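Only one structure is covered here, and it is reproduced in the block below.
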Amino acid sequence: MTPRRAEPRDVPAMAGIVNGWIDATPWMERDLPPKDIEALIGTGLPQREMWVIGDPAQAYISIEAEIAHIWGFYCAQPGQGMGKRLLDRAKEDRDFLSLNTHVPNVAAQRFYAREGSVPAGEVPPGPVSSVADTPQRVPTGIPELRMEWQR
C-alpha cells in the first residue's frame, strides 16, 4: 500500500485509529474525549502535512512541516509495514525529523531506533496539539521522550 495525502473523508478513520490505540493501551490515560480527538485532527488537516495508508485509513502520520515535527503517528495494526512506509514518506526531501513518544511506549521507541532516530532527552508531557486550544484536556502526566532523525 502506498501513502497518499489525507483528505477530509479520512478524519473519522484517523480518529478511530487514535481512539482505538488509547483504549487498548493500559498505561495510557484518555486526555480528550473521542470526538475532541476527531475535531483536532480535522482542524489540523489543512495546517499539517498528513499522509494515510488504506481506504479507509489504516495508518496515518501528521507532520508540522515548518519545524519538521511529527505530532501524530498511529497504525491500527502495528507490524504490517505501514508505519515504515509512512515514515519513509515523511523523510523524503527532509534532512531532519523530530517527534515525542511516551516513555512507556518501548515498542515505538524500538521502531524509531530501527528507522534511525535517536533519543534527544526526556521532556515533560507536551500539548496535545499545536493547532487548537484544548482547555478541556486533562493532562496524563506521562513523560515523553523526544527522538530525532537526521539524514
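The values are calculated or read from the model by the stated rules, or taken from the named source; none is laboratory data. Source: prediction; values computed, not measured. Neighbour counts run over all protein chains shown; Cβ positions are idealised from the backbone, glycine included. These area figures cover heavy atoms from the full protein model, side chains too; ligands, DNA and RNA do not enter into them. Shrake-Rupley method; radii C 1.70, N 1.55, O 1.52, S 1.80 Å.
Structure data summary
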read-out: Evaluation of residue 86 against (1) in a loop (DSSP other than H, G, I, E, B); (2) closer than 26 Å to residue 151 by Cα (one fails), failing number; value: (1)
read-out: Answer residue from the stretch 1-32, given it is farther than 22 Å from residue 104 by Cα and aliphatic (A, V, I, L, M) and is modelled with the lowest pLDDT among those; value: 1
read-out: Any strands (runs of 3 or more DSSP E) falling wholly within the stretch 28-80 and containing at least 3 residues that are surrounded by 15 or more Cβ atoms within 10 Å (Cβ to Cβ) and in contact with a Lys or Arg (Cβ under 8 Å, 6 or more places away or on another chain); value: 49-53, 59-64
read-out: Selection within the stretch 6-60 - touching a Cys at 6+ places or on another chain (Cβ under 6 Å) and of a type in the set (D, E, K, R); value: none
read-out: Flag for residue 137 being basic (Lys, Arg) and at pLDDT 95 or above; value: no
read-out: In the stretch 1-15, the residues that are crowded, with 17+ Cβ neighbours inside 10 Å and either in contact (Cβ under 8 Å) with a residue 60 or more places away in the chain or part of a strand (DSSP E or B) (or both); value: 3, 14
read-out: Single residue of 108, 76 found to be closer than 10 Å to residue 147 by Cβ and at pLDDT 95 or above; value: 108
read-out: Scan of the stretch 82-102 for residues that are under 26 Å from residue 24 (Cβ atoms) and open to solvent by 30 Å² or more (accessible area, probe 1.4 Å), ordered by number; value: 84, 85, 88, 89, 100, 102
